[in-house]
Amino acid sequence: MKKIGVILSGCGVKDGSEIHEAVLTLLAIDKSGAQALCMAPNIDHEEVNHLTNEATGKKRNVLLESARIARGNIQDIAKVKASDLDAVVLPGGFGAAKNLSDFATQGPKAQAHHEVARLIREMVLAKKPIGAICIAPATIAAILGKEISPTLTIGTDSSTAEALEKMGAKHQSCPVREFVVDEKNKIVSTPAYMLAHRISETAEGVEKLVKEVIRLA
């Protein structure tokens, strides 16, 4: 049974993992006959009120919040190596651009969390596939853009696409229900809620991405 890592970034679209995208990823992995291994950085992040979209002034722990989605079955990403996995997928949500990297505040100057960057680079060196959903390709670009110039998509948003290209990635526009494959580097991406207006649109793209990631594995 193939083991697919899922890198979570908290719990909730405004300050963590986009819950629909994360759950749809886990469902697609299970339906494909593979096993998910959830992980997250053990760091604190700023809490956002999801009703008002305002910061509360409080902090939450990314690993503890991600454990809500993973039903407690989760590991600190610092303890996970590429040799433990056949592939890895990063759901989106602002946490991917706030907690897995600082793209939300630094744009093209973004840097990824050191343990996230380590694992992604290990996966590339091991020639194991990577999936990135919604805004998560920005974190991939921050890690790999200048090293391997990966082809990625965040959909059709021109300003975000421009930022990815400034980091060294190649952006390819993509409709919401589809995905983009960088065959050379084994990286798959899909727009999800960067474009989606309905959960069914996100579900179709995420399921296709997971199937492709598993095929590449």
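The values are calculated or read from the model by the stated rules, or taken from the named source; none is laboratory data. Since we're looking at a predicted model, the values are computed, not measured. As a convention, Cβ positions derive from the backbone with ideal geometry for all residues, glycine included, and neighbour counts pool all protein chains shown.
Being at pLDDT below 95, surrounded by fewer than 19 Cβ atoms within 10 Å (Cβ to Cβ) and more than 21 Å from V188 (Cα to Cα) is a property that A104 lacks. For R177, the conditions (1) without any contact (Cβ under 8 Å) to a residue 60 or more places away in the chain; (2) among the charged types (D, E, K, R); (3) assigned to a helix (DSSP H, G or I) are fulfilled apart from (3). In the set A87, A96, A78, A110, only one residue is small (G, A, S), touching a residue at least 12 places away in the same chain (Cβ under 8 Å), out of contact with any Pro (no Cβ under 6 Å at 6 or more places or on another chain) and more than 18 Å from S159 (Cα to Cα); that residue is A78. Of all the listed residues (E18, E65), the sole one being in contact with a strand residue (DSSP E or B) (Cβ under 9 Å, 6 or more places away or on another chain), at pLDDT 95 or above, more than 19 Å from P137 (Cα to Cα) and surrounded by 15 or more Cβ atoms within 10 Å (Cβ to Cβ) is E65.
Of all the numbered requirements in (1) assigned to a helix (DSSP H, G or I); (2) among the small types (G, A, S); (3) surrounded by 23 or more Cβ atoms within 10 Å (Cβ to Cβ), G131 misses one, and that requirement is (1).
Among the residues of the stretch 166-180, those that are surrounded by fewer than 16 Cβ atoms within 10 Å (Cβ to Cβ) and out of contact with any helix residue (DSSP H, G or I) (no Cβ under 8 Å at 6 or more places or on another chain) comprise Q172, P175. Within the set L63, L51, L27, the sole residue that is over 21 Å from V116 (Cβ atoms), among the aliphatic types (A, V, I, L, M) and in a helix (DSSP H, G or I) turns out to be L27.
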